[in-house]
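Once you've had a glance at the structure underneath, I'll fire off some questions.
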Amino acid sequence: MNRLATQSFVPVVCLLIAVASAVTAAEPAWRAGVARTKITPDGPYWMGGYASRKRPSEGTLQDLYAKAIAIDDETGSRVVIVTTDLLVITRELGDAVKRRVLETYKLPASHLLLNCSHTHCGPEIRLYRESLHNIPPESARKMHNYVRRLETQLVDLVGQAIANQAPASMSFAEGNASFAVNRRNNRAADVPALRSAGNLIGPVDHSVPVLKVTDRDGSLRAVLFGYACHNTVMSFHKTSGDYAGFAQQYIEEKHPGAVAMFVMGAGGDQNPEPRRKVEYLSKYGRTLADAVETTLADSQREVTGSLRAALASAPLEFQPHADRETLKKQTESTNQYERWKANYILGELKAERTVPRKYELPVQAIQFGNDLLLLAIGGECVVDYSLRTKREFHRDDGPEIWVAGYSNDVFGYLPTLRVLKEGGYEGGGHMVYTKFPGPFTETVEERIFETLDQLVRQVGSQQ
């Protein structure tokens, strides 16, 4: 090779090396796979969410789905997040799915997060409520069969997401949507006037956390987003994912091939207002979807680093149930649910079974590098949990904080000390609809935050 050819060759080689290095540097640091499956029950079924319902479902406005994303870091550490258009994830269902996923895919329970949207227009899956709601035998049989099938569907869904993994990039940002109203502080009928005058009161969390997942070529593969508000726009007898179902639908229509996953926040005392008109389903769904779209278009924080996850149980305590004499009087109450509850506890006592005073509530932490910390709390936690969590665990040089409620075990309402002392439905009144003895003790909030602190320290020390 002559000198001129050699001189020309050197810059070309350097250029090729530089290009190769740039490509290598730009290689996505994550692997992600998504999957979805329809979970709408077949035919008429007994719906969950409203005790006033006295008959099975009557048609489908919108199908229900379970969706999963499996995320691996460069070390092979894996986390799977499953979202569902369901009223609850029961302790029994959550434990069974986590056990089978561990057996089949070697994924520890701490690395699998199960969240439900809390739609009130889907199936009842709390089997113990069969007698509470006097569910007809045929509907009860369907309910039991559905829960068995659902368990297998969710386990298979995890496997499908893992099988679909490919190189991916992730980024995070927060948007805003303001249709959630604190239902404890604002009478529903007054909300339009109060909102117009700027006089709505009570704590809210209007943030819309958005995790964007893209393929190697930059195409949107999945978007996880959250909001702290009950999915209770409608109370009719038609199947629907409520506003969250419509928000997911709108995002997926705008981004063909992508999977939109709604993660329910700490919305135990938050309602979409006004409501009870079908048009509000699309209105709030569009509002939330637009907030997500705006966030996707804005600059986002790149998520890099390694995955860490931890799971623990917050040791909660219930106040004691009424004595036998009081319980016997309650069996003659004009309130059918008070009668049911009294008979249930008396039945347990007669069978010499202990009525539990303690409850181990799952709390979970998933950290993505030093960029995002997802903290998930079981139960229908009120919005105070989100607000306090962000105050206590946010650091200017630390990860963004995302708070999810309704995760892994949605047994009923989880009040803070303030809400517990105030009383009302979320404070303890709802317990008449459950198998638990009574309201929580005043240690409830601190037990949750002691557990959260433990988990945050644990995932922080895994770096």
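Loop only by DSSP, 16 or fewer other Cβ within 10 Å of the Cβ. Give me the trypsin sites (Lys or Arg not before Pro) in segment 145-187 that pass, ordered by residue number.
Loop-located and lightly packed - 187.
Here is a further query. Given a 1.4 Å probe and the protein chains all in place, what does the accessible area of residue 420 round to, in Å² to the nearest 10?
Per-residue accessible area (residue 420): approximately 20 Å².
Counting only helical runs of four or more DSSP H residues, what would the 222 nm mean residue ellipticity of the chain come to if each run contributes -39,500 (n - 2.57) and the total is spread over all its residues?
Calculated from helices alone, the mean residue ellipticity at 222 nm is -11500 deg cm²/dmol.
A further question on this structure: Could you point to the label whose value was computed as Rg and Dmax of the Cα atoms in Å for the structure here, given [x] 22.2, 77; [y] 20.9, 65; [z] 24.1, 107?
Of the labelled values, this structure produces [z].
Using the Kyte-Doolittle scale, which helices in the chain average at least 0.0 and also have C-alpha atoms spread 24 Å or more along the helix axis, with helices defined as whole DSSP H runs?
Membrane-span-like by this criterion, though nothing is claimed about a membrane: 3-26, 278-297.
Over the chain, with every protein chain in place, what whole percent of the accessible area is carbon and sulfur at 1.4 Å, could you tell me?
51
In addition: Ranked from highest to lowest mean number of other Cβ atoms within 10 Å per residue, what is the order of the peptides 155-161, 392-398, 262-268?
262-268, 155-161, 392-398
Here is a follow-up. In segment 132-187, what GluC sites (Glu not before Pro) fall in a loop by DSSP, with at most 12 other Cβ atoms inside 10 Å?
Here no loop site has a sparse enough neighbourhood.
Please go through the residue pairs 98/421; 329/358; 212/283; 390/421 and name each one whose alpha carbons sit more than 30 Å apart in this structure.
98/421
What trypsin sites (Lys or Arg not before Pro) does segment 314-361 have in DSSP loop regions with at most 10 other beta carbons within 10 Å?
Taking segment 314-361 and a limit of 10 other Cβ atoms within 10 Å, the loop trypsin sites (Lys or Arg not before Pro) found are 353.
With a 1.4 Å probe and every protein chain left in place, work out the accessible area per residue of the chain in Å², rounded to a whole number.
Spelled out: the 1.4 Å probe surface of the chain, per residue, equals 42 Å².
Next up: Can you give me the relative contact order of segment 335-425 as a percent, contacts being Cα pairs under 8 Å and 6 or more apart?
26
For residue 54, which lysines qualify as cross-link partners when the Cα separation must be under 20 Å and same-chain residues fewer than eight apart are set aside?
Residue 54 reaches 142, 238, 341.
The values are calculated or read from the model by the stated rules, or taken from the named source; none is laboratory data. Just so it is clear, the model here is predicted, and its values are computed rather than measured. FYI the Cβ positions are ideal-geometry reconstructions off the backbone, even for glycines, and counts take in every protein chain you see. The protein model used for the area step is the full one, side chains on, heavy atoms only, and it has no ligands, DNA or RNA in it. Shrake-Rupley method; radii C 1.70, N 1.55, O 1.52, S 1.80 Å.
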